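Engineer: Let me give you the structure first, and then I'll get to my questions.
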Amino acid sequence: MAGFDKNLDKELFSESLDFEKSKVTVAVFAYNNGTPKLQIGRENKNAAGELSFAKLGRMTKEEVERVMPLMEKAKKFL
């Protein structure tokens, strides 16, 4: 089995939300013309405001309330 090839990963939808200490992105990708799948990611901001990838982990109520509408928009691409 071959490894992951970024060139075969097609982004069908992506929107991000900024929060005080992080940014959450809701996206839909289809790999190698396969089944589209939802991806939710988080990037945490350091003291300088620079972003770095982090596990999504737990979400606050505010995050959930703001992310749910993006998930509904993304669902149209699944």
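Engineer: Can you tell me, using C-alpha contacts under 8 Å and at least 6 residues apart, the relative contact order of the chain as a whole percent?
Structural biologist: On the way: 122 pairs, mean separation 21.0, N = 78.
After rounding, I find 27 percent.
Engineer: Out of the chain, which GluC sites (Glu not before Pro) are coil in DSSP terms and have no more than 14 other C-beta atoms within 10 Å?
Structural biologist: For GluC sites (Glu not before Pro) across the chain that sit outside H, G, I, E and B with at most 14 neighbouring Cβ atoms in 10 Å, the list reads GLU20, GLU50.
Engineer: Less than 11 Å Cβ to Cβ from THR25, Lys/Arg counted +1 and Asp/Glu -1: what total charge do the surrounding residues give? Numbers along the way, then the final one.
Structural biologist: On the way: positive: LYS23, ARG42; negative: GLU11, GLU15, ASP18, GLU43.
With Lys, Arg at +1 and Asp, Glu at -1, the net is -2.
Engineer: What does the chain give for Rg and for Dmax, in Å, if only its C-alpha atoms count?
Structural biologist: Taking only Cα atoms of the chain, I get Rg and Dmax of 14.0, 42 Å.
Engineer: Follow-up. At 7 Å along Cα-to-Cβ for each site, give me the label-to-label distance between ASP9 and VAL64 in nm.
Structural biologist: 2.8
Engineer: May I pose another question? Considering the dipole of the chain built from charges on the beta carbon (Lys and Arg +1, Asp and Glu -1) around the Cα centre, which of LEU56, PHE77, THR35 is farthest to its positive end?
Structural biologist: Farthest towards the positive end: THR35.
Engineer: Net charge near PRO69, counting Lys/Arg +1 and Asp/Glu -1 over other residues with Cβ under 14 Å of its Cβ? Numbers along the way, then the final one.
Structural biologist: On the way: positive: ARG66, LYS73, LYS75, LYS76; negative: GLU15, GLU62, GLU63, GLU65, GLU72.
Result for the local shell: -1.
Engineer: For the chain, which span is the longest to avoid every loop-located (per DSSP) member of trypsin sites (Lys or Arg not before Pro) having at most 13 other Cβ atoms inside 10 Å?
Structural biologist: Values: sites that count: LYS21, LYS55, ARG58, LYS76.
It runs 22-54.
Rule-based calculations on the coordinates, nothing more; no lab input. Note that the structure is a prediction, hence the values are computed from the model and not measured. As a convention, Cβ positions derive from the backbone with ideal geometry for all residues, glycine included, and neighbour counts pool all protein chains shown.
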